[in-house]
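Below is one structure, written out as structure tokens; comments come after it.
Please treat every number below as a calculation from the coordinates, not as lab data. Nothing here was measured: the structure is a model prediction, and the numbers come from that model. Neighbour counts run over all protein chains shown; Cβ positions are idealised from the backbone, glycine included.
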């Protein structure tokens, strides 16, 4: 969700190079924190920016934008997971070297949990990161 201070009921803003799409728009009352307790209305919305390729159908553009967002997010999550897997391999090797069977089992379970991240429900938006 992105905070938007002004919203004029446009779900799509087109410029020469990009199209910005807003979905799931909600009003939010914001307290200024001042003694007078002045409230202002802001908006929260899912915001997607896509390259302007001449398509003007909102639903088509929104579907493409969401697909791109999910794909890019999945790539980012996998990169983080792979970094943690590299570290987990070292932890497993050290545990193996120590001969501590309890630590070996925990380290291997942690590594397997990292490998299973793409199979989680809600991947890639709602990932539960395992801890050792």
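Peptides 72-83, 51-62 ranked from most to least packed give 72-83, 51-62, packing being the mean of other C-beta atoms within 10 angstrom over each peptide's residues. Legend: calculated FRET efficiency, residue 66 to residue 105, from the Cβ-Cβ distance at R0 = 35 Å, rounded to 0.05, equals 0.30. Binning the C-alpha pair distances of the stretch 88-132 at 5 Å intervals from 0 yields a P(r) profile of 5, 26, 25, 16, 12, 9, 5, 1 %, listed from the shortest bin outward.
When peptides 99-106, 111-118 are ranked by their average number of other Cβ atoms within 10 Å per residue, the highest-first order is 111-118, 99-106. Dividing the convex hull volume of the alpha carbon atoms of the stretch 58-132 by its residue count gives 65 Å³ per residue.
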